[in-house]
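The values are calculated or read from the model by the stated rules, or taken from the named source; none is laboratory data. What you are looking at is a predicted structure, and each value in this text was computed from that prediction instead of being measured. In this analysis, Cβ positions are derived from the backbone assuming ideal geometry, glycine residues included, and neighbour counts consider all displayed protein chains.
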Amino acid sequence: MDCYKRRTSTCFPFSCETPVKIHEFQAKALFRKYGIPVPRGIIAKTPDEARDAALKIGGTVVVKAQIHAGGRGKGSLRENPSVHGVKVVKTPEDAAAFAASLLGNHLITHQTGPEGQQVKQILVEEASNIATELYAGVVLDRDTSRVAFIVSTEGGMDIEKVAEETPELIMTERIDPATGMKPYHGRKIAKALGLEGQTASQAAKLFAGLYTMFTATDASLVEVNPLVITAEGEVKALDAKVTFDANALFRHPEIQELRDIDEEDPKETEAHDAGLSYVALEGSIGCLVNGAGLAMATMDSIKNAGGSPSNFLDVGGGATEAQVTQAFKIILADPNVKAILVNIFAGIAKCDVIANGVVGAAREVGLAVPLVVRLEGTNVDLGKKILAESGLAITPAGDMHDAAKKVVAAATGRSVS
């Protein structure tokens, strides 16, 4: 979930740093800690471990690929498209065989991109006798400054598609932080899902656990899809997706330990380590900007000019030459980048410092794509002088609209009116 793609106030303007994701099995461990019922499961990293896990659990089990992406059940292996990421198996031998087909291969879903993500571990879980599938999510609604429950009777479906085609099937309940979640909130949510009696009571307790976990861990998203009612009347979180506010990790060393760096975009990890805010996108124009608001406006200008940004990158107000150089390296690590736009409105970060960083970075990395630079603010004349005297092929721009037109023309090879 990145800020520009979703364009929600959930991450902008307060933070555009990529939320920290964890695996399903880790999320379910947290669920158990907060009293949220989940199926019994065992993590496995080899086919033999998968066989032993299935044997220990007994009966029919579900084998699930563990990657940081949704849609695993519908996804397929890059190496063998006929194999999907989730399968119900009846014997330990079948569990081992399916694990062998997954492990080490790349699973492609609608959230991974065409390369997919390598499966390095799987979850072997007891099968549930499902009677009803529901959806439940918890997010922070910044418009109202409240934690919001989003629930639907259409569990197991693509919730974005449900919201678009049948919004009447989605209910939202916002919790006042002054009171916190009360029992009546849980009952109201359960009623909206058509639950009654003991099942409604179980669901209300589960929702209370989700709220407590969300607030206690500084989560940015908790999603259960599907939330199931079994034929025996039990309420269970059959799946679990949790992401956390990266800016709050200093309060949660136990969550930092759950990070799987192999699952993260190397460019985003490198940017984080360099003190930069970076989110990878799918366009062809690299963006280097100071300030989240200006970065969002820059990307909008590029889109309005007919281009597509390849990233969100905020070097911050106190950017150094070293950080600017690192930012260039990160942008150019994306082979899709056809041109770069540097858009700086200098206050604390002075234009001459940025200009020196741009010139130094261009020389160090051997810049092979067009570069458009727009500078405004503190020491702007000195900054422009440094760029003009650098001897490098840098295209200056007068304002943001002019910069967007020039970089789109450079990236696409066509003029922009």
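Numerical summary
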| quantity | calculated |
| --- | --- |
| Count of residues meeting criterion [surrounded by fewer than 20 Cβ atoms within 10 Å (Cβ to Cβ) and polar (S, T, N, Q)] in region 218-260 | 4 |
| Options Asn336, Asn379: the member that is more than 32 Å from the chain's Cα centre (by Cα), in the same structural domain as Ala322 (by TED's automatic domain parsing) and surrounded by fewer than 19 Cβ atoms within 10 Å (Cβ to Cβ) | Asn379 |
| Region 44-78: number of residues that are touching a strand residue (DSSP E or B) at 6+ places or on another chain (Cβ under 8 Å), closer than 26 Å to Pro114 by Cα and among the β-branched types (Val, Ile, Thr) | 3 |
| Failed condition for Gln323, given (1) surrounded by fewer than 24 Cβ atoms within 10 Å (Cβ to Cβ); (2) outside any helix (DSSP H, G or I) | (2) |
| Sole residue being outside any helix (DSSP H, G or I), at pLDDT below 90 and over 24 Å from the mean Cα position of the chain (by Cα), chosen from Gly317, Gly357 | Gly317 |
| Filter result for Leu107 (part of a strand (DSSP E or B), crowded, with 17+ Cβ neighbours inside 10 Å, at pLDDT 95 or above and of a type outside the set (D, E, K, R)) | yes |
| Tally, over region 280-300, of residues that are within 26 Å of Gln111 (Cα to Cα) and either touching a His at 6+ places or on another chain (Cβ under 6 Å) or not in a helix (DSSP H, G or I) (or both) | 9 |
| Residues (in a loop (DSSP other than H, G, I, E, B) and touching an Asp or Glu at 6+ places or on another chain (Cβ under 9 Å)) located in region 159-181 | Thr166 |
| Within region 267-280, tally of residues that are under 14 Å from the mean Cα position of the chain (by Cα) and of a type outside the set (D, E, K, R) | 5 |
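This table checks each residue for (1) under 30 Å from Ile122 (Cβ atoms); (2) under 28 Å from the mean Cα position of the chain (by Cα); (3) assigned to a helix (DSSP H, G or I); (4) of a type in the set (Val, Ile, Thr).
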{"site": "Ala203", "(1), (2), (3), (4)": "yes, yes, yes, no"}
{"site": "Leu206", "(1), (2), (3), (4)": "yes, yes, yes, no"}
{"site": "Thr212", "(1), (2), (3), (4)": "yes, yes, yes, yes"}
{"site": "Leu221", "(1), (2), (3), (4)": "yes, yes, no, no"}
